[in-house]
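Structure first, commentary second.
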Amino acid sequence: MKVVTKISEMTKAMLEEHRAGNSIGFVPTMGALHAGHLSLVEKSRKSNRITVCSIFVNPIQFNNKKDLEKYPRNLKEDLGLLDAAGCDYVFTPETGEIYPAGMPVLDIKFGTLDKVLEGKFRPGHFKGVAIIVKKLFEIISPDHAYFGLKDYQQLLVIRHLVSVLKLPVQIHSCPTFREPDGLAMSSRNLRLTIGEREMASLIYETLCKVKKKAGHLPVKELRQWAIKKINSNPAFSVEYFEIVNKYDLHSLQSWREKENALAVTAVFLGDVRLIDNMELFS
Ligand code: PAF
């Protein structure tokens, strides 16, 4: 496994792989890797000769300075995991290598996609994600790129980016990996205290109950029920819990479009912000 920190070196290596006729699969990450990330690597390895992973904590997608500072960083461990998983290249640039001239601009309209849900509570977040993903695609020129469904809205934003700019990369989504108690795997889980970690499955349990109740209670009532359920434990504070159309994220008013219904939520557990989602009629 080659570890590369310079853009010029990475671009050159990828050009050589393409010239040799090797298809490139790409897994972008911010490190603190878990089984969910490794499943993306595995999926890439099944359909590509070369798998590249990037580890870069992208400062411009954090709207909260504390969240950026506290974001877990385990580079040494991550490299060990990626090597064992059969990854071929890891790209781990410094911030100055990616953003030498400060904040770059990206003139793409995402419509409501980057304004609702996460976009509403994390202004600028998806612009930051789109800028880094576009930049990484330019450096690595992957044929295929892999993203987890836990960051569901991010996936829609990236599909939109690829479609508007006609980028020559195929986007693949992979199911959310869960801990045995149902908690969605996330790098931020490392920040939970032992006590918080023990309670954290409440989010998944509530989503499962919402799925069971979907169609039996009016949408508005079910949404309120879920918020109350999670907030009934004082360690939790729901930022949003919405039932939306999975294609354009507009809030459902009734169960008429129930086959597209997706429950999405962001919850603070202590000072750690966790997100999760679940299709309700799949
Ligand atoms: O999902 C993530 O870890 C990040 O948002 C991504 C796609 C690597 C961009 O920084």
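Most simply put, the range 185-282 has about 95% antiparallel DSSP beta bridges, counting only bridges with both residues inside it. Each listed q (0.11, 0.12 Å⁻¹) maps to a log10 I(q)/I(0) for the chain, found by the Debye formula over equal Cα scatterers with no solvent: -0.66, -0.78. 3J(HN,Hα) along the range 13-18, derived from phi through the Karplus expression 6.51 cos²θ - 1.76 cosθ + 1.60 where θ = phi - 60°, amounts to 4, 5, 4, 5, 5, 4 Hz, with x in place of Gly and Pro.
Considering only GLN253, GLY86, LEU136, and ranking their Cα positions along the charge dipole of the chain that arises from unit charges at the beta-carbon of Lys, Arg, Asp and Glu, the one farthest toward the positive end is GLN253. If you wrap the tightest convex hull around every Cα atom of the range 1-113 and split its volume per residue, you get 146 Å³. For a modelled paramagnetic label at MET1, 7 Å from Cα along Cα-to-Cβ, the residues of the range 58-88 in reach, with backbone nitrogen under 13 Å, are 74-88. The slack between ALA20 and ILE108, meaning 0.36 nm per residue of separation minus the straight C-alpha distance, is 28.3 nm. Pull out a ≥ b ≥ c, the square roots of the eigenvalues of the alpha-carbon gyration tensor of the range 152-229, then state rounded if a/c is under 1.5, prolate if not and a/b is larger than b/c, and oblate in the remaining case. Verdict is oblate for the range 152-229.
As a proxy for reagent exposure, ILE194, ILE243, ILE108 were ordered by neighbouring Cβ count within 10 angstrom, fewest first; the result is ILE194, ILE108, ILE243. Computed from the C-beta positions of LYS228 and LYS12, the FRET efficiency with R₀ = 45 Å rounds to 0.20. Packing here is the average count of other Cβ atoms within 10 Å per residue, and on that basis the peptides 32-40, 256-264, highest first, run 32-40, 256-264.
Amide H to amide H, with H built 1.01 Å from N, SER54 comes under 5 Å of VAL27, THR29, PHE91, counting only residues 5 or more places away or on other chains. Projected over all directions and averaged, the alpha-carbon convex hull of the range 151-196 occupies 4.3 nm². Inverting the mean 1/r over all pairs of different Cα atoms, compute the Kirkwood radius of the range 86-202 and quote it in Å. When all Cα pairs of the range 86-202 are included, the Kirkwood radius is 16.4 Å. Diffusion coefficient (Stokes-Einstein, Kirkwood radius over C-alpha pairs, 4 °C, 1.567 mPa s) for the range 83-143: 94 µm²/s, rounded to a whole number.
Every read-out reported here was derived from the displayed coordinates using simple, explicitly stated rules and does not represent laboratory data. Please read these numbers as outputs of a predicted model, since none were measured by experiment. Every residue, glycine as well, gets a Cβ built from its backbone with ideal geometry; the counts of neighbours run over all protein chains shown.
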